[in-house]
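K.L.:
The structure follows.
The values are calculated or read from the model by the stated rules, or taken from the named source; none is laboratory data. Bear in mind that the values here come from a model prediction, so they are computed numbers and not experimental data. Every residue, glycine as well, gets a Cβ built from its backbone with ideal geometry; the counts of neighbours run over all protein chains shown.
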């Protein structure tokens, strides 16, 4: 299967943020074979896509999500964090079953594909059901089971599940699924449990996903309990010697940032969720200045309430300018890189997130012939500050077209809406 | 002409933020005649719209815009404010002609209608051309010419133009156009010029539009020049005795807020522009607590870079939670009211912005059958935190349908894109 997209503008999002006009892109199987000036091709292609007036860019990589939480979208908003968690989310989550998670994840994947996300990192429960949804839909995902030591068995069962999951699913679905271990957060995992997670990690050689320094309360709690910041606590526990994807990182001291930099910790910045839950504004401009890898995530739809990476990218570009009173921080190009190339690096998938020969063919075709994308002085700026999900004409993952003109080709939207609505109603009945 | 929309959920956005399920809405001419529980209607309707699975809500009121600046969209981003203004925007604006403003405004109106805006407040030049675009398109608008005393003639010519404009256009286009006077800002209008503006205002009895306390620099400059804050300066100049729509109001002291409250100054909050230009974060929760009328605006597309009120509404709901570290400030219902009812009040059009008998029929039909709007626990929350422009099925202004399923019925999109692109290229040639 060889595809040619011709006469297109390419936002490569490579290190030089190169933009190629009048370009051709060739996809050979699952791989981008060519992206450069247009050519007279002698060979035959299985399909040729006319790209005039369109733009090719890497698919978005959502670096932090709890996909199945779409079931709680619009269920409990504008509440204080602890009330939201303890009175609304935790009681409902405790009733979740595998089929709920399956349909919630299907709903999430449908939304993500339609808004241009080609990879997502997930931490949740019933991960076999999540993996099943990923396998069926054709999207790429980095999956971990959320692990805490607060339960009756000190977290043993969850850790065993996560280990089994890694063994069963890492590298499966044509390589579209990679697995991680998911210790939930410093405040839900005891030090001795973290040591057990680390021992399993050594055996399996996969990275870790964790929530870190999300709220001011967390910082205070860890400080009271261990006498250090959450970041330093993880360092002291030996966790940062492993590859780590840390979500949030909102409340950081200068020393924390030095540690994150020294240990090359990968960060998932979630501006929408951090704002909505009143958590705060992460010091992203300073992290970027230090060369820390910062990707972008939506977090779950219960705290966002959508999985639209275009919006997350725009928020990242806007928010820090206002918070720093400086219109030059996080340019459109930087925000675009965070949502694609840097997110790919953050979730340890360096073969994605860029339009470049040899990379995985995870890409989008954007229709620029729209009033809100006129005039076209600067494609990156248009994309970051003005584009909408409905501008996405085509979504390709691993060389396969999964969405065309807003229509999903591997998923049945009506069926997904029906089951998700039914599952959500059932879950919340009597709460 | 009598229209029935049946079996629909109505977000009234009245004072109680009432939501009516299984409702009917009747539009008689330009006016909403009924919005309540569904009925067995005996009378004949000119058109009946099935609303099952859809939601009726008031159209958005964009309380601050410079519509024709769409021509500069994506032209100059991520620059320091003064460099952006002095090196990029002012030199280009000085070359503008009436036809540029006409096509730039047509482009803006097309974008606004497609994203659900039914009224916009504008301050710019060549206002006859702006009014022509408003008249042709069918949108509602509140128009003023931007006035400064920094030119050679101390602003006389502009003021004369604005006066003529009010006389010619106020109440025209079936009442869809209202006019204001537009003294630009405290730092661009001398006190003696403001007095002249006030004298003309007395004669014409229209409100004023002004930019106020947008940046920290402005506050410093006015403080240095007059020894008081910009808000107090306007009070001292006697301006606040008149009805005033003040855009931005980012940098306010407690005394400033007391003055704005005392004089019932109407505020247009522009979170996107304030972030993008690095201006800062307005103290909106405190203004709302004081009962000040705060509407929402996009500002021009050069500093946003889009005119999508859904995004502006979402930003208003998210931003202040994060800045205040409090998830309860500016609920979805409050943000929705700001974008509709309160914006209408801010631009002195209290007959719009609400779905209620006797109000103008400026309304939207939203399609809720989307994956990103599933499940449907709370319509207001879905709309504010998750809806997209492409969810808008129908846009009605003054009882006339102007946009259906994303297609404009009174405007030629292709022609507008062609002319706007051409005008923009021409304007920037050689700069």
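K.L.:
If we scan the stretch B:140-152, do we find a residue that is assigned to a helix (DSSP H, G or I) and farther than 21 Å from residue B:392 by Cα?
P.N.:
No, every residue in the stretch B:140-152 fails to be assigned to a helix (DSSP H, G or I) and farther than 21 Å from residue B:392 by Cα.
K.L.:
List the strands (runs of 3 or more DSSP E) that sit entirely inside the stretch A:21-93 and contain at least 1 residues that are touching a helix residue (DSSP H, G or I) at 6+ places or on another chain (Cβ under 6 Å).
P.N.:
A:54-58, A:60-65
Residue-by-condition table, conditions (1) in the same structural domain as residue B:342 (by TED's automatic domain parsing); (2) surrounded by 24 or more Cβ atoms within 10 Å (Cβ to Cβ); (3) free of Cβ contacts under 8 Å to residues at least 60 places away in the same chain; (4) more than 18 Å from the chain's Cα centre (by Cα):
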{"site": "B:212", "(1), (2), (3), (4)": "yes, yes, yes, no"}
{"site": "B:219", "(1), (2), (3), (4)": "yes, no, yes, yes"}
{"site": "B:226", "(1), (2), (3), (4)": "yes, no, yes, yes"}
{"site": "B:233", "(1), (2), (3), (4)": "yes, no, yes, yes"}
{"site": "B:254", "(1), (2), (3), (4)": "yes, no, yes, yes"}
{"site": "B:262", "(1), (2), (3), (4)": "yes, no, yes, yes"}
{"site": "B:270", "(1), (2), (3), (4)": "yes, yes, no, no"}
{"site": "B:280", "(1), (2), (3), (4)": "yes, no, no, yes"}
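K.L.:
For the stretch A:34-76, what are the residues that are within 14 Å of chain B (Cβ to nearest Cβ) and surrounded by fewer than 24 Cβ atoms within 10 Å (Cβ to Cβ)?
P.N.:
A:53, A:75, A:76
K.L.:
Continuing with the same structure: Residue check: is residue B:179 touching a residue at least 12 places away in the same chain (Cβ under 8 Å) and over 25 Å from residue B:248 (Cα atoms)?
P.N.:
Numbers: touching a residue at least 12 places away in the same chain (Cβ under 8 Å): yes; over 25 Å from residue B:248 (Cα atoms): no.
No: the conditions fail for residue B:179.
K.L.:
Wholly within the stretch A:168-277, which helices (runs of 4 or more DSSP H) include no fewer than the required count, namely at least 2 residues that are under 25 Å from residue A:69 (Cβ atoms)?
P.N.:
The qualifying helices (runs of 4 or more DSSP H) are A:191-204, A:216-226, A:230-236, A:271-276.
K.L.:
To continue, here is another question. Are there any pairs with C-beta distances below 6 angstrom linking a residue in the stretch A:89-107 that is in contact (Cβ under 8 Å) with a residue 12 or more places away in the chain to a residue that is surrounded by fewer than 23 Cβ atoms within 10 Å (Cβ to Cβ) and in a helix (DSSP H, G or I), with the two at least 6 apart or on different chains, and if so which?
P.N.:
A:92/A:427; A:95/A:427; A:98/A:129; A:100/A:423; A:101/A:129; A:102/A:129; A:103/A:419; A:103/A:423
K.L.:
Filter the stretch A:122-173 for residues that are without any contact (Cβ under 8 Å) to a residue 12 or more places away in the chain, out of contact with any helix residue (DSSP H, G or I) (no Cβ under 8 Å at 6 or more places or on another chain) and under 23 Å from residue A:89 (Cβ atoms) and give the result.
P.N.:
Passing the criteria: A:152, A:153, A:157.
K.L.:
Restricting the search to the stretch B:132-154, which residues are more than 14 Å from chain A (Cβ to nearest Cβ) and surrounded by 24 or more Cβ atoms within 10 Å (Cβ to Cβ)?
P.N.:
Restricting attention to the stretch B:132-154, the residues satisfying the condition of being more than 14 Å from chain A (Cβ to nearest Cβ) are B:132, B:134-136, B:138, B:140-154.
Scanning the stretch B:132-154 gives B:134, B:138, B:140, B:141, B:142, B:143, B:144, B:145, B:147.
K.L.:
Same structure again: Given A:295, A:300, A:353, which one is at positive phi and more than 8 Å from every other protein chain (Cβ to nearest Cβ)?
P.N.:
A:353
K.L.:
I would also like to ask the following. Conditions: (1) out of contact with any helix residue (DSSP H, G or I) (no Cβ under 7 Å at 6 or more places or on another chain); (2) closer than 28 Å to residue A:133 by Cβ; (3) touching a residue at least 40 places away in the same chain (Cβ under 8 Å); (4) more than 14 Å from chain B (Cβ to nearest Cβ). Residue A:193 meets all but one. Number of the miss?
P.N.:
Condition (2) is where residue A:193 drops out.
K.L.:
Okay, next question. Just one of the numbered conditions (1) closer than 18 Å to residue A:250 by Cβ; (2) within 12 Å of chain B (Cβ to nearest Cβ) is not true of residue A:325; which one?
P.N.:
Only one criterion is unmet by residue A:325, namely (1).
K.L.:
In the stretch A:356-382, which residues are touching a strand residue (DSSP E or B) at 6+ places or on another chain (Cβ under 7 Å) and facing chain B (nearest Cβ under 9 Å)?
P.N.:
A:379, A:380
K.L.:
Is it true that some residue in the stretch B:102-118 is at pLDDT 95 or above, more than 14 Å from chain A (Cβ to nearest Cβ) and not in a loop (DSSP other than H, G, I, E, B)?
P.N.:
yes
K.L.:
Now for a separate question. Can residue B:316 be described as buried (at least 24 other Cβ atoms within 10 Å of the Cβ) and within 14 Å of another protein chain (Cβ to nearest Cβ)? Full working, then the answer.
P.N.:
Numbers: buried (at least 24 other Cβ atoms within 10 Å of the Cβ): yes; within 14 Å of another protein chain (Cβ to nearest Cβ): yes.
In short, yes.
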